[in-house]
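Okay, so here's the structure we're looking at.
Coordinate-derived values only; no laboratory data. Keep in mind that what you see is a predicted model, and the values were worked out from it rather than measured. Every residue, glycine among them, receives a Cβ derived from its backbone with ideal geometry; neighbour counts consider all protein chains shown.
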Amino acid sequence: PRSIFFSRHGESLYNVMGKLGGDSDLSARGKQYAKSLPLLIATHLGNSEQLTVWTSTMKRTIATAEHLTYPKLAWKALDELDAGVCDGMTYEEIAEQYPEDFANRDEDKFNYRYRGGESYRDVVLRLEPVIMELERQRNILIIGHQAILRCIYAYFMNHSHEKLPYIKIPLHTVIQLTPRAYACEEKRFKVDI
Ligand code: F6P
């Protein structure tokens, strides 16, 4: 059977500082994760199975895929949810500077759209062509971002819009989904660094 593998990028410098968005490089731990991926993927991809790696156009996903030797494709549609005026801020800074927005987001996280940015609903729409292509392909590994992978995971696992923005997609973990007759089988491989 074919598999869809996916992982967030390795820890970035912005992750370390608790900042949203941006286009920062990987931290030392993030680079270690990138180095661990080739063996991890080879171990769980069947022998003689082909794989294509999809990344976003951001430095942190491209750097995470750096040591993988499979064909690669960078999709703009896989770039992280655009936090608009809050890009580069921490949650604490947003709560201080935009307290109403912060509360509204908590109220309806799926529909909340950042000022000058996107909502989860917007991201689900922009991912449509990616999902269509995913349905046609054989084995794909997506190196992506937290909000993006929540949307893709929710699509394959039939999670509601209400639950989608809270799905746990931890760093340094590869998730393997294998479509079966009625649902996807899920496996998670965590890398300790
Ligand atoms: O903090 C990492 C990050 O990928 C941000 O770039 C993004 O805004 C956020 O996670 C998405 O998570 P949440 O919707 O829970 O804020």
Is the shape of segment 56-163 rounded, prolate or oblate, going by the alpha carbon gyration tensor and its root eigenvalues a ≥ b ≥ c, with a/c under 1.5 for rounded and a/b larger than b/c for prolate? oblate
Considering the convex hull of the alpha carbon atoms of the chain, report its projected area averaged over all viewing directions, in nm², one decimal. 10.5
Antiparallel DSSP beta bridges within the chain, percent to nearest 5: 50
Once you have the Cα-Cα distance between Ile167 and Arg115, take 0.36 nm times their residue separation minus that, and quote the gain in nm to one decimal. 16.4 nm
Given backbone amide H placed at 1.01 Å from N, residues whose amide H is under 5 Å from that of Met89, ignoring those fewer than 5 places away on the same chain, are Leu20
How big is the gap, in Å, between the Cα center of segment 119-180 and the Cα center of segment 1-59? 15
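What does the charge dipole of the chain about its Cα centre add up to, to the nearest 20 debye, if the Cβ of each Lys and Arg holds +1 and the Cβ of each Asp and Glu holds -1?
In debye, rounded to 20, the chain gives about 860.
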Sequence ranges 41-53, 57-69, ranked by mean other-Cβ count within 10 angstrom, highest first: 57-69, 41-53
In the chain, taking the dipole from +1 charges on Lys and Arg beta carbons and -1 charges on Asp and Glu beta carbons about the Cα centre, the listed residue (Cys184, Gly22, Thr43) farthest towards the positive end is Thr43
